[in-house]
Amino acid sequence: MPTRRRQLSFEDLGTPLAEATLVVVDLETTGTDPRNDAITEIGAVKVCGGEVLGEFRTFVDPQRPIPAYIASLTGITDAAVAGAPRISAVLPMFLDFLGDGALVAHNARFDVGFLRAQAAATGVGWPNPPVLDTLTLARAVFRRDEVRDHKLATLAAHVGADISPDHRALTDARATVDVLHAIIGRLGPAAAGTLEDLSSAHRRASPVQLRKKHLADSVPAVPGVYEFQDAAGQALYVGTSGNLRSRVRTYFTASETRRKVLDMLPRAERIQVIECTTSLEAAVRELRIIAAKKPPSNRHGLRPEKALWLRLGTGSEGLRAARLARQESDGSAQIGPLASRHDVEPLRALLMDAVLGRGASLEGGTTRLDGGYRAALRTALREDPRQVLDHVAVRMRRHVDAGRYEDAEKLRQVALSYLTAARRASRLRAIAAVPLLVAARPSEDPVISGCGWELLAVRHGRFAGTALVPRTADPLAAARSLQLTGAGEAELAAPLCQGYHQEAELLLTWLDSEGVRTVLTEGSWEIPARARFEPEHLTERFARTAAAPQQ
């Protein structure tokens with residue numbers, strides 16, 4: 001749940017076209033090869049809802065002569081670009097102008113290809129914006145019996161553009177804007193109501209998508225969870241969105257190409273929705289429904305109870321894999337959930353070697369530990385990774401000095417797996433220990449007509465309730481109401497959020513977001529010292545070994 005609405009990407013899908021920011025761009029270049037030619041001029045027009053928001057235009061020093069035939073075509077000569085900024089300075093300015101908008105170009109492969117190539121050559125991060133190609137769209141909208149070809153000049157004249165393209169970047173971009181608006185008008189709101197609709201207007205939905213499209217008719221435009229069901233009411237697929245109507249509609253368009261969805265649609269007979277106050281609530285409910293109903297088309301979250309941990313047992317027991325997290329008050333300790341069962345043995349070997357000395361791991365999981373070694377392992381798992389990181393840093397340095405770079409990288413990856421598992425456990429341990437936490441963060445949500453507060457109640461790492469409160473209202477009153485909700489969640493609490501760690505980590509991400517304030521607590525909410533288990537500490541310790549004598 002972002003505190004501000006953002007321009008959605010095509011992965012988010014369903015951005016209303018009237019609200020979408022489109023940046024129409026045109027380039028002039030020294031040739032047609034993005035790898036060997038250079039940009040000489042960039043022109044762009046930013047539009048939203050049919051209105052021009054701004055324009056961008058600059059010459060670019062190509063750092064090479066402009067061929068005579070190109071100069072004749074564009075009117076851009078070596079003298080014109082003399083003293084112009086280089087692309088390394090221009091590209092960041094253009095990307096700032098682009099912002100979160102979608103890129104539009106006539107023959108977008110050409111323009112975007114050059115921009116991508118220049119970003120890679122100059123080390124500028126390419127944001128991968130959504131891309132619309134007016135050439136592709138025009139071929140679908142304007143048939144050959146209507147226009148002789150689909151060149152920009154031909155289309156601009158056909159639609160009555162206010163300006164004629166002349167092979168100059170800004171002029172051509174302006175003409176492309178008029179062509180784009182004509183295409184949108186021709187398609188109409190049914191085929192171009194959203195950015196996603198427009199992006200797939202040149203493709204066709206499958207017959208089953210068209211036949212089932214009516215299932216989305218009654219879906220509301222609110223945050224929530226949607227559930228595709230078969231004729232018997234069994235769940236086929238479950239998802240969530242901040243705008244259910246926009247998201248569900250995309251399943252019935254040509255842009256939906258996922259095999260699991262296309263295979264599911266013929267069996268779908270209805271779509272059930274659960275409206276939620278906030279997107280966080282929707283995300284939590286999605287996880288719970290998937291875990292409970294196990295829809296066949298969902299690939300994640302089917303068995304959250306099947307997490308894998310690395311546990312230090314009681315007494316003199318060593319480290320071993322465990323499927324269930326347990327209380328640690330008896331002196332045991334665990335880290336995880338681990339990303340894979342394949343992490344168990346490398347992590348166990350690393351920790352045993354770091355604490356007991358090289359070769360200790362060869363004795364297997366039955367190695368008996370005296371009190372001092374066991375205490376050191378427990379400290380490394382729960383509190384302080386320094387002994388492990390120092391051990392890793394020295395071994396990595398030896399590998400590097402001997403030219404065994406692959407061995408050094410393998411060791412680094414194991415150490416990062418350890419830090420990740422320890423950091424996850426630290427956070428889950430902390431939130432699981434809190435009987436009740438009510439927090440608030442600033443929010444801009446249409447439900448409360450502007451700025452306000454989004455409140456969240458958490459019990460032992462489980463979602464207990466949420467509320468939206470106008471900024472003019474007292475959030476404490478809403479917090480006290482939330483204090484009375486979700487009491488039953490406490491009965492489902494488990495050590496380290498066993499069985500619902502995915503949900504707990506969603507809540508922790510929310511609690512980490514900017515502007516969060518604690519409103520009410522029962523018990524003690526101690527934010528874990530995650531910095532102890534950050535990868536930067538390994539990098540720092542490895543750097544120190546460069547100056548230290550190796551033994």
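The values are calculated or read from the model by the stated rules, or taken from the named source; none is laboratory data. Note that the structure is a prediction, hence the values are computed from the model and not measured. Using ideal geometry, Cβ is built from the backbone for each residue, glycine included, and neighbour counts are taken over all protein chains shown. Accessible surface is based on the protein model in full, side chains and every heavy atom, while ligands, DNA and RNA are left aside. Shrake-Rupley method; radii C 1.70, N 1.55, O 1.52, S 1.80 Å.
Here's the yes/no breakdown for (1) at pLDDT below 95; (2) aliphatic (A, V, I, L, M):
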{"position": "418", "(1), (2)": "no, no"}
{"position": "427", "(1), (2)": "yes, no"}
{"position": "433", "(1), (2)": "yes, yes"}
{"position": "441", "(1), (2)": "yes, no"}
{"position": "447", "(1), (2)": "yes, yes"}
{"position": "454", "(1), (2)": "yes, no"}
{"position": "458", "(1), (2)": "no, yes"}
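(1) touching a residue at least 12 places away in the same chain (Cβ under 8 Å); (2) among the charged types (D, E, K, R); (3) part of a helix (DSSP H, G or I); (4) surrounded by fewer than 22 Cβ atoms within 10 Å (Cβ to Cβ): which one isn't true of residue 174, the others all being true?
For residue 174, the failing item is (4).
Out of all the residues in the range 207-223, is one or more over 13 Å from residue 247 (Cβ atoms), polar (S, T, N, Q) and either more than 26 Å from the chain's Cα centre (by Cα) or surrounded by fewer than 22 Cβ atoms within 10 Å (Cβ to Cβ) (or both)?
Yes, there is a match, as at least one residue in the range 207-223 is over 13 Å from residue 247 (Cβ atoms), polar (S, T, N, Q) and either more than 26 Å from the chain's Cα centre (by Cα) or surrounded by fewer than 22 Cβ atoms within 10 Å (Cβ to Cβ) (or both).
Could you count how many residues in the range 327-346 are on the phi < 0 side of the Ramachandran plot and surrounded by fewer than 17 Cβ atoms within 10 Å (Cβ to Cβ)? So that I can check it myself, show each step before the final result.
Looking only at the range 327-346, we keep the residues that are on the phi < 0 side of the Ramachandran plot, and these are 327-330, 332-335, 337-346.
Then drop every residue that is not surrounded by fewer than 17 Cβ atoms within 10 Å (Cβ to Cβ), which leaves 327, 329-330, 339-342, 345.
Residues flagged as on the phi < 0 side of the Ramachandran plot and surrounded by fewer than 17 Cβ atoms within 10 Å (Cβ to Cβ) within the range 327-346 amount to 8.
Take residue 124 and decide whether it is touching a Leu at 6+ places or on another chain (Cβ under 7 Å), surrounded by 13 or more Cβ atoms within 10 Å (Cβ to Cβ), of a type in the set (A, V, I, L, M) and in a helix (DSSP H, G or I). It would help to see each step written out before you state the result.
Details: touching a Leu at 6+ places or on another chain (Cβ under 7 Å): yes; surrounded by 13 or more Cβ atoms within 10 Å (Cβ to Cβ): yes; of a type in the set (A, V, I, L, M): yes; in a helix (DSSP H, G or I): no.
In short, no.
Can you tell me which residue among 433, 440 is on the phi < 0 side of the Ramachandran plot, in contact (Cβ under 8 Å) with a residue 24 or more places away in the chain and under 25 Å from the mean Cα position of the chain (by Cα)?
Numbers: 433 fails: under 25 Å from the mean Cα position of the chain (by Cα).
After ruling out the rest, the residue left standing is 440.
With the structure loaded, tell me whether residue 414 is within 24 Å of residue 311 (Cβ to Cβ), among the aliphatic types (A, V, I, L, M), part of a loop (DSSP other than H, G, I, E, B) and open to solvent by less than 40 Å² (accessible area, probe 1.4 Å) or whether it fails that test.
Numbers: within 24 Å of residue 311 (Cβ to Cβ): yes; among the aliphatic types (A, V, I, L, M): yes; part of a loop (DSSP other than H, G, I, E, B): no; open to solvent by less than 40 Å² (accessible area, probe 1.4 Å): yes.
For residue 414, the condition - within 24 Å of residue 311 (Cβ to Cβ), among the aliphatic types (A, V, I, L, M), part of a loop (DSSP other than H, G, I, E, B) and open to solvent by less than 40 Å² (accessible area, probe 1.4 Å) - is not met.
Working only within the range 507-530, note down all residues that are open to solvent by 60 Å² or more (accessible area, probe 1.4 Å) and within 24 Å of the chain's Cα centre (by Cα).
Within the range 507-530, 509, 512, 514, 530 meet the criteria.
Scan the range 248-271 and tell me whether some residue there is closer than 30 Å to residue 139 by Cα, outside any loop (DSSP other than H, G, I, E, B), in contact with a Gly (Cβ under 8 Å, 6 or more places away or on another chain) and open to solvent by 30 Å² or more (accessible area, probe 1.4 Å).
Looking for residues that are closer than 30 Å to residue 139 by Cα, outside any loop (DSSP other than H, G, I, E, B), in contact with a Gly (Cβ under 8 Å, 6 or more places away or on another chain) and open to solvent by 30 Å² or more (accessible area, probe 1.4 Å), one finds at least one in the range 248-271, hence yes.
Report every pair of residues separated by at least 6 positions or lying on different chains whose Cβ atoms are under 9 Å apart, first residue within the range 139-154 and under 20 Å from residue 204 (Cβ atoms), second open to solvent by 60 Å² or more (accessible area, probe 1.4 Å) and assigned to a loop (DSSP other than H, G, I, E, B).
139/202; 140/202; 140/203; 141/202; 150/144
In the range 70-110, how many residues are of a type outside the set (Val, Ile, Thr), open to solvent by less than 10 Å² (accessible area, probe 1.4 Å) and outside any loop (DSSP other than H, G, I, E, B)? Walk me through how you get there before you give the answer.
Initially, the range 70-110 is screened for residues of a type outside the set (Val, Ile, Thr), giving 71-73, 75, 78-80, 82-86, 88-89, 91-103, 105-110.
Filter once more, so that each one left must be open to solvent by less than 10 Å² (accessible area, probe 1.4 Å): 91, 94, 98, 101-103, 105, 108.
If we keep only those that are outside any loop (DSSP other than H, G, I, E, B) as well, we get 91, 94, 98, 102-103, 105, 108.
Number satisfying all stated conditions: 7.
Residue-wise test of (1) closer than 27 Å to residue 21 by Cα; (2) in contact (Cβ under 8 Å) with a residue 24 or more places away in the chain.
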| residue | (1), (2) |
| --- | --- |
| 189 | yes, no |
| 214 | no, no |
| 238 | no, yes |
| 252 | yes, yes |
| 259 | no, no |
| 263 | no, yes |
| 269 | no, yes |
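Among the residues of the range 273-312, what is the count of those that are polar (S, T, N, Q), outside any helix (DSSP H, G or I) and open to solvent by 10 Å² or more (accessible area, probe 1.4 Å)? Steps first, answer last, please.
Step one: of the range 273-312, the residues polar (S, T, N, Q) are 277-279, 297-298.
Pick out the ones that are also outside any helix (DSSP H, G or I) and you get 277-278, 297-298.
Those left that are additionally open to solvent by 10 Å² or more (accessible area, probe 1.4 Å): 277, 297.
The qualifying residues number 2.
Which residue is most open to solvent (accessible area, probe 1.4 Å), if the candidates are limited to the range 461-495 and must be β-branched (Val, Ile, Thr) and under 19 Å from residue 511 (Cβ atoms)?
At the first step, the residues of the range 461-495 found to be β-branched (Val, Ile, Thr) are 466, 469, 472, 485.
Still in the running and under 19 Å from residue 511 (Cβ atoms): 466, 469, 485.
Values: 466: 25, 469: 11, 485: 48 Å².
By that ranking, first place goes to 485.
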